[in-house]
Every structure is written in C-alpha cells, then in structure tokens.
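Worksheet for the structure shown next.
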Protein chains: 2
Amino acid sequence: MVDHDERREQLSAAVWQVVSEQGLDGLTLRAVADAADCTTGRVAHYFRDKNALLTHARDVMHRRMTARIDALGAFDDPREHLRAVLREGVPLDEERRLNSTVWAHFLMAARTDPVLLAEHVVRHESWIRRLTALLRDAYGVPPDDLELRARNLVALLEGLALCGVATPELYPPDLLVRAVDNHLDLLLGAKK
Amino acid sequence: MVDHDERREQLSAAVWQVVSEQGLDGLTLRAVADAADCTTGRVAHYFRDKNALLTHARDVMHRRMTARIDALGAFDDPREHLRAVLREGVPLDEERRLNSTVWAHFLMAARTDPVLLAEHVVRHESWIRRLTALLRDAYGVPPDDLELRARNLVALLEGLALCGVATPELYPPDLLVRAVDNHLDLLLGAKK
DNA sequence: GCCGTTACGTAACGCGCGTTACGCTACCAA
DNA sequence: TTGGTAGCGTAACGCGCGTTACGTAACGGC
C-alpha cells in the first residue's frame, strides 16, 4: 500500500519543476512523468485529468507559501515583522524563486481562465489586507493613504518578483533585499 | 499590388489581439487568421513561419511604444516629464493595456527562450537608464541611491502593469495614476 | 489577348498532445 | 495455493497544431 497523498505531492512537485523549467506551454503529462521519473500511467492513476493535477499542484504550493509566512512567528518590532513578511514575497532563494515563477505563470494564465482569476483575486486582496495591517502597525500614526501605500508595496513586490524570475542574475538576493529596504525607508523614514 | 508592410502590420495587430484575448497558448496561426479575417494561406504568404510572425509583431509593438514616449515632447518641469513618462508604462487605456499584456506574456516566455530573454534584458536596462536620467533631473540634488530608486520605480511600474493586466476592474486608470503619483510624492516629496 | 506572376485559399501531412483502454505484476486475504 | 485488487506500464485513439504543397483567380506588362 502506497501513501496516496505523498504520491500526489511528489507529482505536484514535478509540476512545479516543469513549469519553472519549461513554462506552462511545456507542461505536458509526459514531461511531468519524466520529471517525476515514472510514466504517464502513474500520473493518470492519481489524477482524473490534467486539470485535477494542476489544481492540486496550485493548492499545495499556496499552502506552503502561507505556511512559511505564518511560521515567521512573533516580532518585537512591527517594522521588522513587516520586513520579514516582505522578504517572503520576493525570490531570495531557489524555493521562493520557484514559487514566484509558478505564481507568475498561473497569473498570466488567469487572464483566460475564470477559475484561476477568481483564485488570484482572493489571494491578491488577502495579501493586500495583510500588508495593510502590518503597515498600520509599523506606523506610529497611520497616514490617510495607508491602503494605497500598501497596494503600492504589493505592486513593488510583484514587480521585483517578476524581475527576479525573469533575470535572476540581474536581480540577486542582496539587490532584492536592498530594494525592499529602500522602499521601506522611503515609507517609514530611514532606520535609526 | 498590395502593400506588403501594411499587410504585415495588420497581421501583427491580429497577433496582439489573439495574445491579449487567449494568451500565448491560444496563439495559433488559425486564430491569427481568424482575427485578421482571412485564411492561414495569407499568413503563410507574408511570413516564412510562425516565429517570423511573432518576431515582427514584437518589433512593431516595441517601435510603437518607444515612439509614443518620444512623442511626449518637451516639459518645463522635470517632475512632470518623469510623471508623463511613467504614465506610459502603465495600462491606462485599451492600447496600453494591450501593450502591457503582450509584454507580460513575452516576458514569461523569455524564461525558456534565449532570444526573447536577450531582447528583454536590453529593453529593461534601457528603460532603467531612461528613468534614472529623468529621476536625476527631477531631484535638485540626486541622492546616493539614485539608481536603486529608479530600479524600484521600474519594478513598481511593472507590478502595477501586472495588476492592471490581470484585474483591470480592480485597477482602473485613476487608481493606477494615484498609485504612481503616491510613489512620486514619496520619492520627491509632496507636490507643492 | 496572352501569359507570367502575384496573392492568396484549400487541403493534406506528420507530430505531439490529453485521454482512455487494456494488460501485467505484486501483494494480501481466505 | 488461489482469487482479487491495487499499482502501475504500454499502447492506441482522435484532435489540433505548424508546415507545406498545390490550385486558381486576378492583375499587369508585352
């Protein structure tokens, strides 16, 4: 008896790998099977069809991302808390680059897929709410345009993620960190 | 005798339309022919293969984008000049939304296509240089981290473009303008 | 008025895709 | 030992794709 959930997570990991290496165009069941070092028979055995495989892969990835943010724990300084959360949204290592890459591909696919679009909207808004709250905590007295600032913060993060995904050598981790810190200084005033 | 260049531009416009509506996956020669209201025979007649069609479509789109920025003309206030240029990078109307959409799709495709990647890098860097120069003009005395600020400005723009492309109804033109202005105020100090 | 050339439309080819049916092997209960 | 089932591998099917070959109508120089 094999562990079905574990097998499914293995296949989902293969999906991420293929999407990262070949894009959504290159994501064929045969490519997934190759990446998972098995045949398409196994894939077909664990997922009804291609769509079910993709949905599972998306869900697992999203769960891991939120889990990583939740696992950050407590911070004394609200500003450091915000900073730590922001770092999770930007491709600082291989895992987060994989996350950002897959996210970007699914985002573009969402333009022509109502299901993907609905998921994106929910997560985007929730992301903005989270950052708005963190930003509010980081300010002594929150400015009137707090939500707009949070929205811009998200946009900056997505833009940086895109840069890091498209050209990792031009946007190494230290540059991304400096970019985030620079914006934070602009928002909250230079760190003492 | 028909005007070859005009025909090619018509077909390129059909490419943009299909990419915008169906993504790069949906970009088939038959779909392009449908959008151009002709048969695949005509497409095959004017372009050696699909790749030539795509290259031409990218080139024409890029030429139009740079032409639009160059056509902005002279400004008395450097800050207003910068602001006007920034507005061109964000999907404020249907044409610019089309531009941003196609740009984003090709950017994701660049991850697995060396030719597209090389083009992207060149244009990205030139974009950063242009904004660095404009930003320098807008400052009385440029700060030390001028280039990093310009880089963040580009990232913000790309992030906002992505938001406007994915969810136009959540990011209407006036919100995008306010977002850009907000960041500009943060960078240069609130407008008098 | 004829004839080559331009400007396509039409249709077929091979390929890779997702899907599905089928077959085999290992394992576990009886 | 034997029957059944879980866990796959293999192979074939139809479809849509890019490409290409071929047909043909209109046009323009002689």
Please find, within segment B:135-161, the residue that is nearest to the chain's Cα centre (by Cα) out of those that are facing another protein chain (nearest Cβ under 8 Å) and open to solvent by 10 Å² or more (accessible area, probe 1.4 Å).
B:158
Only one of A:70, A:5 is open to solvent by 80 Å² or more (accessible area, probe 1.4 Å) and within 28 Å of residue A:185 (Cα to Cα); which?
A:70
Of the conditions (1) under 28 Å from residue A:166 (Cβ atoms); (2) within 11 Å of DNA strand C (Cβ to nearest atom); (3) open to solvent by 60 Å² or more (accessible area, probe 1.4 Å), residue A:54 fails just one. Which one is it?
(3)
Is it the case that some residue within segment A:108-131 is closer than 29 Å to residue B:144 by Cα and open to solvent by less than 20 Å² (accessible area, probe 1.4 Å)?
yes
Residues (more than 9 Å from DNA strand C (Cβ to nearest atom) and of a type outside the set (Gly, Ala, Ser)) located in segment B:31-44:
B:32, B:34
Do we have residue A:167 as at the interface with another protein chain (Cβ under 9 Å from one of its Cβ atoms) and of a type in the set (S, T, N, Q) here?
yes
What residue, of A:49, A:37, A:25, A:3, is on the phi > 0 side of the Ramachandran plot and within 16 Å of DNA strand D (Cβ to nearest atom)?
A:37
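Those residues that are free of Cβ contacts under 8 Å to residues at least 40 places away in the same chain and either closer than 17 Å to residue B:153 by Cβ or of a type in the set (A, V, I, L, M) (or both), I need them from segment B:76-91; list them, please. Walk me through how you get there before you give the answer.
Going residue by residue through segment B:76-91, those that are free of Cβ contacts under 8 Å to residues at least 40 places away in the same chain are B:76-77, B:80, B:84, B:88.
B:80, B:84, B:88, listed by residue number.
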Can you give me the number of residues within segment B:9-31 that are open to solvent by 60 Å² or more (accessible area, probe 1.4 Å) and more than 14 Å from chain A (Cβ to nearest Cβ)?
4
Could you go through segment A:86-97 and let me know if any residue there is part of a helix (DSSP H, G or I), among the aliphatic types (A, V, I, L, M), open to solvent by less than 40 Å² (accessible area, probe 1.4 Å) and not assigned by TED's automatic domain parsing to the domain that holds residue A:22.
yes
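The values are calculated or read from the model by the stated rules, or taken from the named source; none is laboratory data. No experiment lies behind these values; they were computed from the predicted model shown. Counting neighbours? That spans all protein chains shown, and the Cβs are built from the backbone with ideal geometry, glycine included. Side chains are part of the model used for accessible areas, which takes the heavy atoms of the whole protein and leaves out ligands, DNA and RNA. Shrake-Rupley method; radii C 1.70, N 1.55, O 1.52, S 1.80 Å.
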